[in-house]
Amino acid sequence: MITASTALYCVLGSPVVHSKSPLIHNAAFKDKGIDAVYLAFEPQTIEAAVQAIRTLGIQGASVTIPFKESVIPHLDWIHPLAAKIGAVNTLVNENGVIKGYNTDCDAAVAPLLSHGIENKTICIVGAGGAARAVAFGMVAHGARVMIANRTRQKAKALAKQIRGDFIPFEDMKNIQAEVVINTTSLGMVPDPKILSYPAQALHPGMVVMDVVYTPLDTCLLKTARKKKCVTIDGLSMFVAQAAAQFKLWTGIEPDQDLMRQTALTH
Ligand code: ATR
């Protein structure tokens, strides 16, 4: 039951109407018997939202597009990994001190670990906030990383920072990667027929991961399966980053299967 002592958590983003974060966090709070509720907010500015967290005593927040980078100057403390990545997706209100973390990085690594990351040649499509977290995670685990992005300058800058290679978007069809990770919104509703990586560069045995989870079975994953690749859907990383947030907020490991099932059935 919601009472005067119920703790409040939220997601800050724009748009957030399709976010599955409230569903999965509220399911986990209920499952663990924690007196807390999680809501979605679309603030006008991230500065005002961080101020509201302080004023209202909101216990924690998920931060999503387009605030992952712009939230940083408004925080009291940033975890070194989040500072290195340059993006924060999690806020923790520790007795009025607002701390920023990045759980996307480890969440991208988790579903790939059993397939092997070390010494693998990995092509990351995109150079935005998600790509940065994924790229740092892969490099930390010993991968050779290539960055392909529509805007060349962003790809070049990220490739330089992680000591990886830059690939022009139109050259993706010619490369030989062992793992492909799409971090762009290509293939997401309302344009689910868009393929984010050329079919001719997909080969049997490759591992193909998508961060897009609407639809769950993206055009990239469908095409990759036809080419006999191993596929990892977008809910894998989404649930892993949410589970790490939940642990930061409560100190408790949530049931990731429950979170995934909740996201799938609603
Ligand atoms: P996020 O935090 O989710 O990574 P972002 O920082 O806005 O969001 O990055 C979005 C990524 O998707 C970028 O790599 C973007 O490419 P640009 O840097 O060229 O903008 C990519 N992206 C979005 N729409 C795209 C499209 N229609 N074609 C190709 N790339 C696209």
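Within segment 87-98, does at least one residue satisfy the condition of being of a type in the set (S, T, Y) and touching a strand residue (DSSP E or B) at 6+ places or on another chain (Cβ under 9 Å)?
For segment 87-98, residues of a type in the set (S, T, Y) and touching a strand residue (DSSP E or B) at 6+ places or on another chain (Cβ under 9 Å): present.
Please enumerate the residues belonging to segment 63-98 that are away from the ligand (no atom under 16 Å from the Cβ) and among the polar types (S, T, N, Q).
Result: N93, N95.
Quick one: how many residues across segment 13-44 are part of a loop (DSSP other than H, G, I, E, B) and either out of contact with any helix residue (DSSP H, G or I) (no Cβ under 9 Å at 6 or more places or on another chain) or among the acidic types (D, E) (or both)?
Number satisfying all stated conditions: 9.
Give me a count of the residues in segment 150-177 that are of a type in the set (D, E) and within 15 Å of the ligand (Cβ to nearest atom).
Result for segment 150-177: 2.
Here is a list: T64, T151. Which entry is of a type in the set (V, I, T) and at pLDDT 95 or above?
Step by step, each of T64, T151 is checked, and only T151 is of a type in the set (V, I, T) and at pLDDT 95 or above.
Search segment 86-110 for residues that are under 17 Å from D210 (Cα atoms) and pair each with any residue that is in a strand (DSSP E or B) and hydrophobic (A, V, I, L, M, F, W, C) when their beta-carbon atoms are under 9 Å apart and the residues are at least 6 apart or on different chains.
Here the result reads A108/I181; A108/M209, each pair linking segment 86-110 to a residue that is in a strand (DSSP E or B) and hydrophobic (A, V, I, L, M, F, W, C).
I'd like to check which strands (runs of 3 or more DSSP E) are fully inside segment 153-266 and have at least 3 residues that are without any contact (Cβ under 8 Å) to a residue 24 or more places away in the chain. Give the steps one after another, and end with the answer.
On the way: elements: 165-168, 179-182, 207-210, 230-232.
So the answer is 165-168.
So, in segment 99-141, of the ones that are in contact with a Lys or Arg (Cβ under 8 Å, 6 or more places away or on another chain) and small (G, A, S), which residue ends up farthest from the ligand (Cβ to nearest atom)?
A127
How many residues does segment 176-222 contain that are under 16 Å from the mean Cα position of the chain (by Cα) and of a type in the set (S, T, Y)?
Here the count works out to 5.
Going by the conditions given, is V180 under 19 Å from V207 (Cα atoms), within 15 Å of the ligand (Cβ to nearest atom), of a type in the set (V, I, T) and buried (at least 24 other Cβ atoms within 10 Å of the Cβ)?
yes
For segment 117-140, does any single residue satisfy the condition of being free of Cβ contacts under 8 Å to residues at least 24 places away in the same chain, surrounded by fewer than 24 Cβ atoms within 10 Å (Cβ to Cβ) and within 17 Å of M209 (Cβ to Cβ)?
Within segment 117-140, not a single residue is free of Cβ contacts under 8 Å to residues at least 24 places away in the same chain, surrounded by fewer than 24 Cβ atoms within 10 Å (Cβ to Cβ) and within 17 Å of M209 (Cβ to Cβ).
Within segment 15-26, can one find any residue that is among the small types (G, A, S), at positive phi and either surrounded by fewer than 14 Cβ atoms within 10 Å (Cβ to Cβ) or touching a residue at least 40 places away in the same chain (Cβ under 8 Å) (or both)?
no
Quick check on my filter: what residues within segment 112-132 are in a helix (DSSP H, G or I) and under 11 Å from V179 (Cβ atoms)? Can you show your working first?
Narrowing segment 112-132 to residues in a helix (DSSP H, G or I): 112-113, 129-132.
The answer is L112, and nothing else.
In segment 183-205, which residue that is over 23 Å from L81 (Cβ atoms) and surrounded by 22 or more Cβ atoms within 10 Å (Cβ to Cβ) is nearest to the ligand (Cβ to nearest atom)? Show your work before the answer.
So the first thing to find is which residues in segment 183-205 are over 23 Å from L81 (Cβ atoms), and the list is 185-205.
Now restrict to residues that are surrounded by 22 or more Cβ atoms within 10 Å (Cβ to Cβ): 187, 196-197.
Working: G187: 10, S196: 8, Y197: 11 Å.
Per the stated criteria, the residue is S196.
Please find, among Y38, Y9, the residue that is hydroxyl-bearing (S, T, Y), in contact (Cβ under 8 Å) with a residue 60 or more places away in the chain and surrounded by 22 or more Cβ atoms within 10 Å (Cβ to Cβ).
So the residue among Y38, Y9 that is hydroxyl-bearing (S, T, Y), in contact (Cβ under 8 Å) with a residue 60 or more places away in the chain and surrounded by 22 or more Cβ atoms within 10 Å (Cβ to Cβ) is Y9.
The values are calculated or read from the model by the stated rules, or taken from the named source; none is laboratory data. Keep in mind that this is a model prediction, so the values were computed, not measured. Every residue, glycine as well, gets a Cβ built from its backbone with ideal geometry; the counts of neighbours run over all protein chains shown.
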